[in-house]
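Throughout, read-outs are computed from the coordinates displayed, never taken from laboratory work. Fair warning: this is a prediction, and the values are worked out from it, not measured in the lab. FYI the Cβ positions are ideal-geometry reconstructions off the backbone, even for glycines, and counts take in every protein chain you see.
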Amino acid sequence: MASGRGTKSDYRASRGIFEEMSEDRSRADYKSGKSLRILVVEDHSDTLQALSRLLNYFGHDISTADDARSALDMINSKQFDVVLCDIALPDGNGYDVIVEAKRKGAIKAVAISGFAGRDDLERGRKAGFDFHLAKPVDFHELRSVLGQIAA
C-alpha cells in the first residue's frame with residue numbers, strides 16, 4: 001500500500017484549487033451554507049495547507065492533523081461536523097480514524113484519496129465514510145459535498 005506521501009499530482013491539486021477561483025467571484029459565490037467545524041487530515045503538507053486555507057477563507061472553522069494519531073487526539077478533544085480525511089497516513093489509515101470518529105458521535109466523513117477503486121469505495125463505506133473524493137480533489141465537487149452536509 002502506498003504511504004500517502006505527497007506526489008506531483010497532490011501539489012498540482014493544492015495549487016489548482018486557488019487557480020480555479022476567478023478574480024471576479026466573491027467569497028459568497030463559493031459559500032457552502034452554514035459554517036462547519038472541519039478537521040482536515042492530510043499528510044502532504046502543501047495539500048493540507050491549501051485545503052485548510054481555502055476552507056477557512058470560505059468561513060469554516062478548520063483544525064488540521066497530518067497523521068492518524070494527531071487526528072484521533074483532535075477528535076477526542078473537540079467537536080467537529082466533518083472530518084475530511086486522507087486514507088493513506090504515515091502511522092495508520094483514514095479508515096481507522098473514521099471508525100473512531102463515528103464511535104464518538106454524529107459526524108460526516110469525507111475521504112480524500114488516490115485510492116478510488118470499487119473495493120476502496122466499499123471499504124470506505126463500511127468504515128463510515130459518507131462521501132469519497134478522488135485526488136486530485138476538485139474544488140467544485142468538494143464545495144458541493146460540504147453544501148449537502150451544511151444543508
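Efficiency by 1/(1 + (r/R0)^6): what FRET value for ALA134 and ASP61, r their Cβ-Cβ distance, R0 = 35 Å, to the nearest 0.05?
Working: r = 26 Å, r/R0 = 0.73.
My answer for the efficiency is 0.85.
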Q: Could you work out how far apart the two model spin labels at LYS34 and ALA150 are, taking each label as a point 7 Å from the Cα in the direction of the beta carbon, and quote it in nm?
A: 1.2 nm
Q) Want the number for ASN76 to ARG53: 0.36 nm per residue separation, take away the alpha-carbon distance, what's left? A) 6.0 nm
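Return the percentage of antiparallel bridges among DSSP beta bridges fully within segment 23-143, rounded to the nearest 5 %.
On the way: 2 of 20 bridges.
Of those bridges, close to 10 percent are antiparallel.
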Q. Once phi is turned into ³J(HN,Hα) by the Karplus curve 6.51 cos²θ - 1.76 cosθ + 1.60 with θ = phi - 60°, what whole-Hz value does each residue of segment 49-57 show in order, with x for glycine and proline?
A. 5, 5, 5, 5, 5, 5, 5, 5, 4
